[in-house]
Amino acid sequence: MIVAKDLKKHFKVHKRPPGFGAAVKSLFHRTYETVKAVDGVSFTIERGERVGFLGPNGAGKTTTLKVLAGLLHPTSGDATVEGFVPFQRSPELLSKITLVMGQKSQLIWDLPPSETYAMNRAVFDVPRAQFDATLKELTELLELGDLVDKPTRQLSLGERMKCELAAALLHQPTTLFLDEPTIGLDVAMQVAIRDFVRSYNQRHSATVLLTSHYMDDVVALCPRIIVIDRGTLIHDGDLRGLVKQMDPDKRVSFTVTTPLPGGPGCDDETLAKLGTVLAKDGKRITLRVQERELPSVVGELLGTLAVADLAIEDPPLEDILRKMFGKVHK
Amino acid sequence: MRKYLRLAAIQLRISLASAMAYRANFLIEGVMATASLGLTLLPLIVLYGVRADVNGWDLPSALVVMAYFTGLRAVLEGLISPSLVDLVERIRSGSFDYVLLKPVDAQAMVSASRYEPWKVFDLLGAIALLIYAFYKRGSAPSPAEIGLGMGLFVAGALAMYALWIVCAAASFWVGRLDNLMYLLGAIFDTGRWPVMVLPGAWRFIFTFVIPIAVMTTFPAMALLGTLKATTALATIGGTFALLVVSRLVWRAAIRSYTSASS
Amino acid sequence: MKSQLSRTVRALPTLLRIGVAETVAYRAEFIVWILTTTQPLIMMSLWTSVARGGSFKGYDADAFVAYYLATLLVRQLTGNWVAWQMMEEIRMGTMAMRLLRPIHPFVTYTASQVAALPFRSIIALPLVVILLVTSASSGVTHDPMQLAMFPLSIAMAWLITFAILFAIGSLAFFLTQTMAIATLYFGLFSLFSGYLLPLDLLPTPIAKIAAVLPFRFTLSVPVEIITRTLPHGELARLLAAQVAWTVALIAFAVWLWNAGVRRFESVGT
């Protein structure tokens with residue numbers, strides 16, 4: 001279980017304007033300003049939940065994660081992870097958590113991942129039998145094959161990420177902090193990693209905290225979403241709730257076939273009666289329709305207009321977030 | 001404790017494997033060790049070609065100091081420096097965070113992260129020099145002197161390590177400090193001379209402020225039988241104090257890193 | 001070709017300014033580099049202590065002080081770390097970026113090393129003052145011709161040092177063990193350039209070798225010009241030899257670089 005109460009993290013950053021004079025001046029005197037990376041964030045996460053952190057760049061997601069992992073001391077506020085205070089970094093807690101940072105690697109660069117695994121086994125004091133069993137399970141789930149015996153620098157980004165995940169899970173942690181784990185990976189690999197994380201979460205009842213820029217990661221993996229912007233929490237709940245709250249209208253898309261003889265065509269006027277036209281891509285049209293009007297609109301489309309490939313969807317998450325952050329930014 | 005030994009053993013195995021990977025290393029390191037020894041000896045040879053004695057130190061006794069210097073440098077470049085370079089790199093790339101996430105003392109983990117096994121050649125050179133020095137002297141040290149000499153060598157290595165930790169801690173605060181090991185090497189260079197040979201002010205600095213000369217001169221004196229018991233004890237005490245201070249500085253550095261990093 | 005040259009010239013002020021900014025940004029690192037060149041001070045204290053018991057092979061205490069202060073001065077003004085810089089860039093992969101720029105890397109590297117000179121000069125200035133004002137001034141030449149040629153000699157020493165280090169850095173395109181070569185170079189340099197000991201104190205066979213190697217012209221020659229009394233014929237010979245080495249080594253360095261880049265482009269990192 002993870003609890004954050006009014007968590008704050010402020011940084012002092014050195015500011016230097018460009019130019020020669022300023023460069024020389026900064027030799028002798030530096031000016032600092034305070035950056036409020038996390039400014040009062042509270043939430044409670046139960047064991048076994050999968051939670052996604054969303055927010056624009058610089059919102060404070062990674063900083064929050066680092067505070068929870070014990071890498072940073074909070075400026076004020078409380079955090080507990082599995083009953084421990086993270087920044088005290090007790091060995092017991094460290095053996096239960098893991099942090100995977102998509103942008104930084106823990107694998108030894110010049111050596112095969114198997115050497116890093118050996119190191120981690122020694123570091124976490126994992127009994128031989130348990131280690132072998134875990135490694136076998138991870139190798140199968142992640143389809144590592146003989147990747148672990150090639151020097152890390154020879155692996156592709158996707159292969160490295162898989163080995164990275166294995167390294168992070170060898171000690172069977174029960175809390176996973178994943179910071180942009182799929183960054184830079186192709187779609188197939190992203191899907192593979194999502195599937196793996198879900199499967200690990202289900203097998204071991206491990207709590208998963210995920211930050212990602214890829215909406216698909218969060219949507220596919222996390223039933224609960226926490227939205228952070230400029231260091232403050234602006235939404236905490238499930239995806240459907242977020243969507244409904246921000247934009248209750250549905251998206252109806254369809255493909256136009258030849259209009260029925262005698263019936264109205266799919267011209268702009270007709271469409272406007274049904275809802276707001278969002279996109280018109282050749283014969284594929286997307287409308288924005290209020291939820292209560294759905295039955296009549298759908299009836300109209302299927303009956304009178306005889307469209308094909310009808311789809312009714314929630315608005316895309318990107319639009320929601322753009323709307324949300326647009327709201328906050330004013 | 002056993003965990004740390006196992007960790008060090010794994011690191012040693014990894015470093016040996018890396019070192020063996022390039023067969024050319026063997027030759028290069030042998031050549032470097034010989035060249036380095038020759039360079040170290042040259043000023044001595046020049047000096048003692050003209051003078052028989054400098055401030056009470058004749059050639060054989062100066063050679064003993066030189067031998068200790070060479071041996072300690074082998075330890076520095078073989079056991080201590082490689083890990084420092086590794087640490088600085090980890091801090092730069094951000095993967096130092098992962099060290100903090102392991103349930104192992106961070107200082108222990110970074111101190112044992114890499115070795116240069118080939119420096120054993122330099123160590124052998126130091127021992128050869130030592131034997132030659134005593135041969136020239138015409139007498140061998142007593143077992144007690146040997147014991148004290150070895151003990152102080154270890155103390156010297158530990159003091160060197162403590163200084164290294166303090167420098168590594170500095171890189172946390174200052175940011176990029178890739179050439180740290182060159183600094184340590186440059187400071188350490190002063191240890192090749194018996195400290196008495198240096199003039200007053202330097203003698204003071206290198207005995208009490210940055211005790212490099214102490215690491216080489218005093219152990220040499222122990223082996224030569226000219227070290228007072230009180231000085232020996234003071235050296236050991238000083239080493240211990242240095243280790244404590246370095247630990248405190250390291251912990252302060254970690255505290256600073258985890259409050260200011262992003 | 002002409003536009004390439006003019007483009008390079010126009011870019012120089014900016015290159016230099018950014019080099020300065022870089023140096024300042026990593027001020028601690030810069031200080032460390034300065035501190036690593038303090039070996040002459042140690043040597044100086046050793047030899048002056050020795051010379052107090054009587055002059056050593058023609059050098060009295062003042063002569064040693066003058067020699068090592070001059071060595072320190074020249075070292076501060078000619079030292080650069082371009083080999084290390086190049087090795088890092090190749091290792092980190094940022095060398096590719098540098099190759100994409102339309103200005104020859106020899107120039108860009110020169111600019112970034114030259115940019116450190118103002119700061120190094122600040123360190124060097126006190127040394128000059130000490131040299132001129134203290135008793136060591138007896139070890140400094142009074143010949144106006146020699147004094148006039150001193151800056152020229154330093155400039156050439158800088159170029160020779162840079163060329164050699166640039167060549168060593170270029171070796172990183174071919175070998176992985178360039179660090180060891182750089183260390184070996186510094187060892188040879190400290191011996192044969194007079195950094196460790198005045199060349200005329202070395203045992204004769206070694207001194208003979210030192211006289212014909214380029215290292216002498218990276219340090220000892222400028223130091224000799226400022227501390228000895230040289231007949232003008234000798235002065236002219238030394239300077240001419242320096243010019244020859246400068247040209248030869250720059251040509252060699254650029255050639256080696258080009259070979260390295262060809263290999264780099266065909267093989268990758």
Can you give me the distance in nm between label points at C:M92 and B:L248, each placed 7 Å from the Cα along the Cα-to-Cβ direction?
3.5 nm
Between C:K208 and A:T257, what is the spin-label point distance in nm, taking each point 7 Å from the Cα along the Cα→C-beta axis?
10.3 nm
Grab the other residues whose beta carbon is less than 15 angstrom from that of C:L100, score K and R as +1, D and E as -1, and report the net.
+1
For the protein assembly as shown, with only Lys/Arg (+1) and Asp/Glu (-1) charged at the beta-carbon, what is the dipole magnitude about the Cα centre, in debye rounded to 20?
1520 debye
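Have a look at the DSSP beta bridges in the protein assembly as shown and tell me what percent are antiparallel, nearest 5.
Details: 42 of 60 bridges.
If I count the DSSP bridges inside the protein assembly as shown, around 70 percent turn out antiparallel.
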Here the net charge surrounding A:S42, from other residues whose Cβ is less than 12 Å away from its Cβ (Lys, Arg +1; Asp, Glu -1), is -2
For chain A, what is the percent of antiparallel DSSP beta bridges, rounded to the nearest 5?
70 percent
Straight-line reach from A:K12: which lysines have a Cα under 22 Å away, not including same-chain ones fewer than 8 places off?
A:K25, A:K36, A:K61, A:K66
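Mind giving me the FRET efficiency for A:D110 and A:I183? R0 is 25 Å, r the Cβ-Cβ distance, nearest 0.05 is fine.
In this case the efficiency is close to 0.60.
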Using a ≥ b ≥ c from the Cα gyration tensor of the protein assembly as shown (square roots of the eigenvalues), is it rounded, prolate or oblate, where a/c under 1.5 gives rounded and otherwise the larger of a/b and b/c decides, a/b for prolate?
prolate
Can you tell me the convex hull volume per residue for chain C, based on C-alpha atoms, in Å³ to the nearest whole number?
143 Å³
Give, as a single signed number, the net charge of other residues whose beta carbon lies under 14 Å from the beta carbon of C:A172, with Lys and Arg counted +1 and Asp and Glu -1.
+1
Using packing as a proxy for protection, rank B:103-110, B:73-80 so that the peptide with the highest average count of other Cβ atoms within 10 Å comes first.
B:73-80, B:103-110
Under a cut-off of 20 Å between alpha-carbon atoms, report the lysines in cross-link reach of A:K273, not counting same-chain residues fewer than 8 places apart.
A:K250, A:K283
Across peptide C:175-182, how many C-beta atoms of other chains are within 10 Å of each residue C-beta, on average?
2
For chain C, what is the mean residue ellipticity at 222 nm derived from helices alone (per DSSP H run of n ≥ 4: -39500 (n - 2.57); sum divided by total residues; nearest 500 deg cm²/dmol)?
-25000 deg cm²/dmol
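Calculate the mean, over all residues of peptide B:35-46, of how many other protein chain Cβ atoms lie within 10 angstrom of the residue's Cβ.
Working: counts 5, 3, 0, 3, 6, 2, 0, 8, 8, 0, 3, 10.
Average neighbour count from other chains, rounded to a whole number: 4.
Take every residue in peptide B:84-95, count the Cβ atoms of other chains within 10 Å of its Cβ, and give the average of those counts. Can you show the working numbers first?
Values: counts 0, 0, 1, 0, 0, 1, 2, 0, 1, 5, 4, 7.
Mean number of neighbouring Cβ atoms from other chains: 2.
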So if R0 is 45 Å, what FRET efficiency would A:N57 and B:I210 give, r being the distance between their Cβ atoms, rounded to the nearest 0.05?
0.50
Report the Cα centroid-to-centroid distance between region B:140-154 and region A:204-223 in angstrom, as an integer.
63 Å
What number, in percent, do you get for the relative contact order of region B:2-260 if the mean sequence gap of Cα pairs under 8 Å and at least 6 apart is divided by its residue count?
26 percent
For A:K136, counting only lysines whose alpha-carbon sits under 26 Å away and dropping same-chain residues fewer than eight positions off, the answer is A:K96, A:K104, A:K150, A:K162, B:K3, B:K102
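None of the figures in this text is laboratory data; all of them are computed from the coordinates on show. What you are looking at is a predicted structure, and each value in this text was computed from that prediction instead of being measured. Please note: Cβ atoms are built from the backbone with ideal geometry, for glycine as well, and neighbour counts cover all protein chains shown.
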